[in-house]
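Since the structure comes first, as structure tokens, the remarks are kept for the end.
The values are calculated or read from the model by the stated rules, or taken from the named source; none is laboratory data. Values in this document were obtained by computation on a predicted structure and should not be read as measured data. Heads up, the Cβs are rebuilt from the backbone with ideal geometry, glycines too, and the neighbour counts pull from every protein chain shown.
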Amino acid sequence: MDLSKNTVLKENYTFYVADGNGHVTTESSERGLFNRDTRFLKRYEWTMDKPLQTLVTHYPLPDRFEAHYAYIDGPSQMVGIRRTLELTPIFLHDVLLVENTSLDVQEIKLELHYGADFGDLFEARGWHKLQRSNLSVQTATDSARLGYIAEDGLEFAVTLKFLQPATEVTATRAIFDLKLKPAERFTLGVEVEIHNPLEPNLPSLYTYPEWRERVNVKLDNQHHQRVLDRAVEDLRALLLFTKDGPMPAAGIPWYVTAFGRDSMLTSYMTLPYYPDIAKGTLRYLAARQGTKHDDFHAEAPGKILHEVRYGELSRTNKVPFTTYYGTVDATMLFIMLLHRLYKTTNDFEIVKELQPNWEAALGWMQNDGDLDKDGFIEFKGAELGKGLGVQSWKDSNDSLSHADGRLAEGSIAVSEVQGYAYAAYLAVSEFYSASGNTEQTVLYQEKAETLKKKFHEVFWIEKMQTYAIALDGEKKRLEVHNSDAGHLLWTGIVPNDIAPKLVKTLMSETMWTGWGIRTLGKNEVRYNPVSYHNGSVWPHDTTLAAAGMVRYGFLEEAKRIREATFDLAASQGDSRLPELVAGYDRTTSPPVPYPVACRPQAWDAAALLYLLQIPKHPKRKPTPKPLTT
């Protein structure tokens, strides 16, 4: 499915995915009304006994959809329907203004078709299937209530309340018979309410106007300005409101939940505009930091989680994602985000508040994170069907391969993860320095420098002028051109004299498409331009490389990436950066889409804000400098 052709609304944990006309038909399993990983409506579609055309659709805000449908006979509209959909944390408000614009009486029959399966999000994705029998329907002339008792005894329901009595209400549809005189109008209203017994919804923060005011940036290019405005609104829409504070969900439709890696990178890239989001994300993850060894959930003491899920499959332990820790990089990113928050706000109180957490994270890095005690951070992937097999950001099962195409096996040390570890060690060294602890300051400075030296010696491939993407379980290098090397520039682990060589490789024909940097070089055995991680272009991935180039003074190259990324978003009908695009070379046409890319995606929207920090008229700087404001 091309998600760019969807109607997508979101507020807090609730989101609505429909077709481009605003309807949820029976044709797609990905669409519906969802809340906390449960689909409350699998069908929600208006039909009329006369043919309707959609004349216009409009999204004034990410929680609001407007459309005009028309019955046209000959050259003129006979009946017009102006529709407004508005989403709140637990309600979908649907209002239809039906107008007779003809000179004759119009008798019409409007039908609202609905249905609920209370499916788990992983079922909608086609990963699993549950047989449900505890479904119920209650109807009245002004309402329909669809209910379900889950395997764990929790009761879920969705109520459709009709603000005007229907002619007939059944288990699957409501019928409204209308007879309108010329120029007569009639308003139909439906209030859809979600009843979810899980965590209560907290009040939403930040109106859209006040959220926009924090990014007071005006761009010369009006197309780029539209892209930026859309990104800012999407970041507000993707927020989750928790007792620990606000934090970004990763993306729609599959990732409307807390994600360690995605939420932290989004928070990192949106500083300094939204420091409260970084604080909320850190506190949320700290409150759920690993405390024990639990293989099923991949938990270990000090480890930062990968994702949190609320669906029936997770709650009944059919999948391990209730609170799942199967990520190798989130623990270091936790420290890196805390450090950037501190450097941006000069607020050392948050560092002191979370000291038990970042020290526990350090403990994981040096114990469970280093599986063979060689100084590198490794992961051992889960068995098929029991979690993630690849636990770095390129988490598809075929993303880590040797030059001959063989997939890596055993405990794998991914390159960018070592860069994150290097940055984390330097960060805690600075935390200890600010606390006056000289011994720990020196210890972690030395750890960082030792890791930097060893990493370059082991991972650098001189003949390819790049770093191996990973080491496999036998410590053999995966010698393929890869975008992960751009993250290494971002973290600062690359020696100054090597950076020019690496930048040249990343911007070479092998890697650079004109839209961004390929995840895998185009001459590699597993290269596939329309794949998830083997040759596609991910805007957030390319943006981190751009930030790394700024760090080492390659501002012209970074500006080239900045312009290309804004151009990519501007080429899209919805002015959004998709999660990824195909890795074909840029032409005069828009990039080839990846069919099921999420949109909006939080770290892509955040990437545009991060790229704003690249100077418009750069000059090469001779010394490394981090990308900060």
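Considering every residue within segment 87-97, establish whether at least one is of a type outside the set (Asp, Glu), outside any loop (DSSP other than H, G, I, E, B), within 30 Å of ASN317 (Cβ to Cβ) and in contact (Cβ under 8 Å) with a residue 24 or more places away in the chain. Looking through segment 87-97, none of the residues is of a type outside the set (Asp, Glu), outside any loop (DSSP other than H, G, I, E, B), within 30 Å of ASN317 (Cβ to Cβ) and in contact (Cβ under 8 Å) with a residue 24 or more places away in the chain.
You will find that of THR491, THR450, the residue that is of a type outside the set (Phe, Trp, Tyr), touching a residue at least 24 places away in the same chain (Cβ under 8 Å), surrounded by 19 or more Cβ atoms within 10 Å (Cβ to Cβ) and assigned by TED's automatic domain parsing to the domain that holds THR588 is THR491 and no other.
Here SER508 does not qualify as in contact with a Ser or Thr (Cβ under 9 Å, 6 or more places away or on another chain), on the phi < 0 side of the Ramachandran plot and small (Gly, Ala, Ser). Name the one entry in ARG132, ARG82, ARG64 that is in contact (Cβ under 8 Å) with a residue 24 or more places away in the chain and among the charged types (D, E, K, R). Exactly one of ARG132, ARG82, ARG64 is in contact (Cβ under 8 Å) with a residue 24 or more places away in the chain and among the charged types (D, E, K, R), namely ARG64.
The C-beta contact set for segment 606-619 (first residue more than 18 Å from HIS540 (Cα to Cα) and modelled with pLDDT under 95, second residue hydrophobic (A, V, I, L, M, F, W, C) and surrounded by fewer than 24 Cβ atoms within 10 Å (Cβ to Cβ), distance under 7 angstrom, 6+ apart or interchain) comprises PRO615/LEU555; PRO618/LEU555; LYS619/LEU555. Residues that are assigned to a helix (DSSP H, G or I), buried (at least 24 other Cβ atoms within 10 Å of the Cβ) and touching a residue at least 60 places away in the same chain (Cβ under 8 Å) do not occur anywhere in segment 457-480. Residues in segment 169-193 that are touching a residue at least 40 places away in the same chain (Cβ under 8 Å) and either polar (S, T, N, Q) or at positive phi (or both): THR172, ALA183, THR187.
Residue count for segment 215-242 under the criterion of being exposed (fewer than 15 other Cβ atoms within 10 Å of the Cβ), closer than 16 Å to PRO275 by Cα and not polar (S, T, N, Q): the result is 0. Note on segment 1-44: among residues that are small (Gly, Ala, Ser) and modelled with pLDDT of 90 or more, the one that is surrounded by the most Cβ atoms within 10 Å (Cβ to Cβ) is GLY32. Restricted to segment 213-321, the set of helices (runs of 4 or more DSSP H) holding at least 3 residues that are aliphatic (A, V, I, L, M) comprises 222-237, 260-270, 275-287. If you go through segment 194-213 and keep only what is touching a residue at least 40 places away in the same chain (Cβ under 8 Å) and among the β-branched types (Val, Ile, Thr), you end up with just ILE194.
Within segment 588-604, track down each residue that is closer than 16 Å to ALA249 by Cβ and not hydrophobic (A, V, I, L, M, F, W, C). Within segment 588-604, ARG599, PRO600, GLN601, ASP604 meet the criteria. Restricting ARG599, ARG576 to residues that are in contact with a strand residue (DSSP E or B) (Cβ under 9 Å, 6 or more places away or on another chain), part of a loop (DSSP other than H, G, I, E, B) and modelled with pLDDT under 90 narrows the list to ARG599.
Residues in segment 381-409 that are more than 20 Å from the chain's Cα centre (by Cα) and at pLDDT 95 or above: ASP398, LEU400, SER401, HIS402, ALA403, ASP404, GLY405, ARG406, LEU407, ALA408, GLU409. The single condition among (1) touching a Gly at 6+ places or on another chain (Cβ under 7 Å); (2) farther than 24 Å from HIS487 by Cβ that ILE350 does not satisfy is (1). Among the residues of segment 322-332, which ones are in a loop (DSSP other than H, G, I, E, B) and among the hydrophobic types (A, V, I, L, M, F, W, C)? Matches in segment 322-332: VAL328 only. Do you know which residues across segment 19-65 are part of a strand (DSSP E or B) and of a type in the set (Val, Ile, Thr)? Answer for segment 19-65, where residues must be part of a strand (DSSP E or B) and of a type in the set (Val, Ile, Thr): VAL24, THR38, THR47, THR54, VAL56, THR57.
Could you tell me whether segment 545-556 includes any residue that is assigned by TED's automatic domain parsing to the domain that holds ASP262, in contact with an Asp or Glu (Cβ under 8 Å, 6 or more places away or on another chain) and modelled with pLDDT of 95 or more? Looking for residues that are assigned by TED's automatic domain parsing to the domain that holds ASP262, in contact with an Asp or Glu (Cβ under 8 Å, 6 or more places away or on another chain) and modelled with pLDDT of 95 or more, one finds at least one in segment 545-556, hence yes.
For segment 221-257, the set of residues classified as farther than 24 Å from GLY573 by Cβ and in contact with a Lys or Arg (Cβ under 8 Å, 6 or more places away or on another chain) consists of ASP244, GLY245, THR257, listed by residue number.
The conditions of being among the aliphatic types (A, V, I, L, M), touching a helix residue (DSSP H, G or I) at 6+ places or on another chain (Cβ under 7 Å), assigned by TED's automatic domain parsing to the domain that holds THR291 and not in a helix (DSSP H, G or I) are not met by ILE335. For the structure I just gave you, tell me whether ASP567 is among the acidic types (Asp, Glu), surrounded by fewer than 23 Cβ atoms within 10 Å (Cβ to Cβ) and touching a helix residue (DSSP H, G or I) at 6+ places or on another chain (Cβ under 7 Å). Criteria not met by ASP567. No other residue among THR159, THR187 is farther than 16 Å from ARG39 by Cβ and either in the same structural domain as THR47 (by TED's automatic domain parsing) or of a type in the set (Ser, Thr, Tyr) (or both) apart from THR187.
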